Each structure stands twice: as structure tokens, then as C-alpha cells.
Amino acid sequence: MTGDLSKWGKANAPFESGIIGGLTSPSVITYIPALLPVNRHADGLWFEFWTDTRQGTTSKIVRINTEWWTSGAAHFVTMEVDFITGKITAWSGANSDHTKNQALQWTWNPVTVPGRFHVGWWLTWSTLGVATLAPVITGPNDIPAYLSNAVFNTTPAPAGHAYQVTLTVVNTVTECFQVSQRTTKPATLAEVTQSGTWKRTAGLDQPMFPLRSVPAVTGSAWDVINEIARATLATAEFNADGHFLWRNHTRWTTVPTTAALTVTSAREIGSLNVREEIDACRNHCQVRWEDWAFVVSAGPERFDDDPAPIAILGGATLTRTITIPEEFRDPRTPRTATTATVGGPNRITFRTGTGTTTGLAHGAVEVRVTRTGTTATITAYNRSSTTLYYHGASLISLVQAEYSKPVPSSWTAWNTTSQRHYGIQTLEHDVKGWVQDSASGRSLAEALRDAGSFPPPLLQSVEILPDPRIELGDVVRVVDTTGASLNTLAWVIGNRVSGDGGVIKQSLTLRGTTSNGLPADAGLTPDPPTAPYAPPPP
């Protein structure tokens, strides 16, 4: 039995929150969530996202599909906003094709006007398993529109749990998709958009390099972020305000025309050391990557926790651990067992008593699985008011087949014009497993070539009037009106601030935004021989 490793990551995303930076279509993001009960508590689920529809004119749709595992079958609730037609549709039923389930629809024409929208869906379940949905949409005017409730009274669902959430984005930009449990529906603008309760502290560029399998990593989260940035030519930084910024490799492809700041020299620049080092030239760039297209798994491996029945009091939480070898991928959160699936793989079993024939408890316990190293931790929260009993769990995990290895591959890009003037200057870039397809390897190789084919001018130790706003990576305009008559744009690649005797000094190392062009020998003639008519040596 084989499986596709691309569907199995190295980490489980927490169900209550997931943030996507700059997701554009066509894109599908699937969350394998913690298991949440369908209808044994009073909380509702709040689905929300931000979207910007100002680009493009074709079909623009954002769809959320939820799969609920019920007693022996699946139930699906789907929510969709069509920003071209103004149709807002919800479906509920047992068919995996959402269009064949019961549908309820609203029409709200303001969403057809391009702009920035916050979309929320409020989902609740009755004690009989009847789903009720209500859209809340906030447009550019910052006034939430509370559309009427939709009750799916013809398609009740048995008690169950949320198993999977899929976000589909078509021809629009979507970010900050999140699912959370709340006791009440958001009622004000501040509650709907969380205004005043949190502040955006990160700016993320659009993801560029897809992964089929997350490489094995060690160290802190910051170590991993740095490794990904180095591998993909991105930059990761915290600015002076404490905001985290991630910029992908495309930030270097466009020559800047404006500056973030203008800096002035501390004194007249009578002379300036401008260097063009041949060591800064790279005109033959090779990117080594691994092709994971045909990597398969050896099949699912089963890891069991089979204790004597353990009581979980109403409102209490039980924690269990299972050892899973490092070479195995992270397990999915197991499904709650039903009468048809007791004892099977990827199952967790709760009963109303200690006996193996006592009734199964379904849709009452919230389950989460996390993993650290070789330890998988199962957390079970009994949301009911009665005591239930944990009868064990069976997790499944994939491991890469021994015969199936990623194929070492490479992409090379070069510039013949640069090579004629500077010789062949090579660069080999190891992406350490973070690039796994040909298109990504080619994109990186060409980016390296385009950035390094011609040596950029470097301006060393430019002392300026101190300006604390300057940060690494800024584009600044350097102005000196008297000495060197300098007025140029440059990247800040070095920033040194020192203080002595109450005097603060700041020196910048700058990299030109464009090269000075090809070297030229205009106006030079070779020296003639001392005796042009002398005979050749004997």
C-alpha cells in the first residue's frame, strides 16, 4: 500500500486559528483540525477572512467547505461568496459534492463593487443537529451587514465532530482566514473585525515555492525561518516597531525609483570610495534542488494507545502520549469511533462506561493532537456535563519508502555578456530541501543570475547626519550638494551607529540599485614597441 506524501505535513495546524499571508488563486488550503463536537454545547463557530477584490475582472469566489464526521457517515457544510454576482450561498448535507446538498442563498449587491471586505460566517447547531448559518459582511465603509439566518431544517446531522476545513480562493487575494469558537455571535464592528483587540504585527509576501514534504529541521523557530530565507533568497526581519516582515526574492527584481528616506552627509564628501568587486559578480548560477514528484510512502503505520478505560469527568481534560519515531510524518487527529469503526486505524474511542460493550460517546469530546520530537500528545476535552471513558486511540502516520528517494536535480542560469567581460564567475546555491520542483529551481537560478551578473557599486563608510529611522534593506537617497555633488539611490546593507562623549555618529554601507554598466576602455591605445622595426630575436 502506498500513499502520496504531499498530503501529509510535518505539523498539525491548530484548528482555532490559521493565517494565510497574501493567498491568491487558484489556491486551496486544507486544514486538518482538532476534532470539535457538532452539537453537544452552546458555542458557535466563527469563520472569517479578509479579501481584496480590486484586481481582475473574472470570476471571484471564496469558498469554505467543512467536513463533519458523524455516526458512520460524513456531513458537509459549505459557505461561498461570489463577488461578481453578489450571490452568497450556503449548503448543508451528506453529499461530498456541495452543489447537491440543500442550498440557501442571499443576494447582497455591495460585494460586487471591488474593494476590501471582511467576511464572517456564524455557524451553530441545535441539539437535534440542525445547522444555522448567518453571514456578516463588512465592506470598505466599515459597516457590518448582518444577513438573515439560514436554517437547514431538512438536513439534520447526527452528533459528530469537525474533521476537515478547506478554503478555496478563485481570482482574488485572501488572508487571515481563521476559525474560532465563540459563545455569542459578533455584534459590533469591533467584535466582527477584532478592531482594538489585536494589531497586525507581520507583513508577509505571497508564498512562492510549494512543498510536497517539509524537510527535517532542528533548532528554534527563528533558526528555521533563517534557513528558509537563505534557501529562497528571502529576507526575514523585525523592524524598529517590532513588526515582522517577510519579503520573497522578487523584492530584488525591480529597480527602485523612490526612496524611503533621504539622508544627508555629515560633512562635504570630498572623495568617495566606490568599489566594483569582481567577487560580487556571479554570472553562472546553479541551484541544487530535490525533485519530490514521484516520492511515495511505504504506507500508513499504526501507533496505538490501549490503556484500561480512563474516566474523563464532565468539563475535564485528559492527556495521553504516544511515541512515534522521528522518520514518520505527523499523525492526523483521529476520528471519534462510531459503531462501524471501533478499533480501526485513525480512531479514538469514548464510551459512557468502562465496559467494552457500553454505549459509544460521539460528538461530546474535543480532541487535539500535537507532536514534539518523537512524542505525539493527545488532548481530550470532555465538553459534556457527564463522565465519559477513554478506551484508547489508534494514530496512523506515513513514512517515506526506502526505495523512493527525491531525485537530486539542478537548474543553471548564466549571462554570456557578463562572462565575456568578467570571465565565468560561478555560484552554487544549496536550498537544503526547501525547493522541490523544477519551476521553483529555475526561478531561483534566474533570480541569482539577474542579481549578480554585473558587479554593483558599493559605497563604503558614508557618514551621515544620524537618523534612527534607517533600517537594513531600506532604499535611501544620498544627497551631498557641495563636495561630491552626490544624489543617488542605494540599498542600505550596513548600518553602524556609535557614540562617544555625547556625540552620535552613523555610517552607512550602501549598494547601488543599478550597476555602472560594462567596463569600457574608451580613449586608450596600446603602447607601441620601443623599436618597431627591430628583427625578431635569434
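The values are calculated or read from the model by the stated rules, or taken from the named source; none is laboratory data. From a predicted model like this one, the values you see are computed outputs, not experimental measurements. Here the Cβ positions follow ideal geometry from the backbone for every residue, glycine too, while neighbour counts run over all protein chains shown. Side chains are part of the model used for accessible areas, which takes the heavy atoms of the whole protein and leaves out ligands, DNA and RNA. Shrake-Rupley method; radii C 1.70, N 1.55, O 1.52, S 1.80 Å.
Apply the a/c threshold of 1.5 to the C-alpha gyration tensor of the stretch 121-162 and tell me whether it is rounded, prolate or oblate. Cα axes put the stretch 121-162 in the prolate bin. Shown for the chain: the carbon plus sulfur share of the solvent-accessible area, taken with all protein chains present and a 1.4 angstrom probe, equals 53%. Put a plus charge on the Cβ of each Lys and Arg, a minus charge on the Cβ of each Asp and Glu, and nothing anywhere else: the dipole of the chain about its Cα centre is then about 1280 debye. Summarising the strand pairing of the chain, around 90 percent of its internal DSSP beta bridges are antiparallel.
Note on the chain: dipole from Cβ charges, positive end direction compared against Leu398, Pro537, Pro334; the farthest Cα belongs to Pro334. When the Cα gyration tensor is reduced to axis lengths a ≥ b ≥ c, the ratio a/c is 1.5 or higher for the stretch 32-180, and with a/b above b/c it is classed as prolate.
3J(HN,Hα) along the stretch 310-326: 10, 6, 10, 5, x, x, 8, 10, 10, 10, 10, 10, 9, 7, 10, x, 4 Hz, from the Karplus curve 6.51 cos²θ - 1.76 cosθ + 1.60 with θ = phi - 60°, whole Hz, x for Gly and Pro.
The 3J(HN,Hα) values that the Karplus relation (6.51, -1.76, 1.60; θ = phi - 60°) gives for the stretch 208-220 are, in residue order, 10, 10, x, 10, 8, 8, 6, x, 5, 10, 9, x, 7 Hz. Gly and Pro appear as x. Over the chain, DSSP H runs of length four or greater, each weighted -39,500 (n - 2.57), average out per residue to a 222 nm ellipticity of -2000 deg cm²/dmol.
Here the dipole of the stretch 86-219 is about 40 debye; that uses its Cα centre as origin and unit charges on the Cβ of Lys and Arg (positive) and Asp and Glu (negative).
Distances between placed amide hydrogens fall under 5 Å for Thr321 paired with Ile378, all partners being 5 or more residues away or on another chain.
A 1.4 Å probe run over the chain, with the rest of the protein chains in place, finds 50 Å² accessible per residue.
Find out how many positive minus negative residues lie around Pro144, taking Lys and Arg as positive, Asp and Glu as negative, among other residues whose Cβ is under 13 Å from that of Pro144. Here the count lands on -2. The aspartates and glutamates within cross-link reach of Lys100, meaning a Cα-to-Cα straight distance under 17 Å and a gap of 8 or more places when in the same chain, are Glu67, Glu80.
Would the stretch 199-258 count as rounded, prolate or oblate if I go by the C-alpha gyration tensor, calling it rounded below 1.5 in a/c and otherwise prolate when a/b exceeds b/c, oblate otherwise? It is oblate, given that a/c is not under 1.5 and a/b is not larger than b/c. Against the main long axis of the alpha-carbon atoms of the chain, helix 221-232 sits at an angle near 50°.
Across the stretch 505-511, computed HN-Hα scalar couplings (Karplus, 6.51 cos²θ - 1.76 cosθ + 1.60, θ = phi - 60°) run 10, 9, 10, 10, 9, 10, 10 Hz from first to last residue, x flagging Gly and Pro. With Cα atoms defining each centre, the stretch 96-158 and the stretch 276-320 are spaced 35 Å apart in the structure. For the chain, the longest principal axis of the C-alpha atoms and the axis of helix 438-452 are separated by about 30°.
Bridge orientation summary for the stretch 279-428: considering DSSP beta bridges with both residues in this region, about 90 percent are antiparallel. Among the listed values [x] 27.2, 111; [y] 24.9, 80; [z] 30.3, 115, the one matching Rg and Dmax of the Cα atoms in Å as calculated from this structure is [z]. For the stretch 85-128, the list of chymotrypsin sites (Phe, Trp or Tyr not before Pro) that fall in a loop by DSSP and count at most 15 other C-beta atoms within 10 angstrom reads Trp108. Treating only the Cβ of Lys, Arg, Asp and Glu as charged (+1, +1, -1, -1), what charge dipole size does the stretch 363-430 show about its Cα centre? Round to the nearest 20 debye. Taking the Cα centre of the stretch 363-430 as origin, the dipole is about 160 debye.
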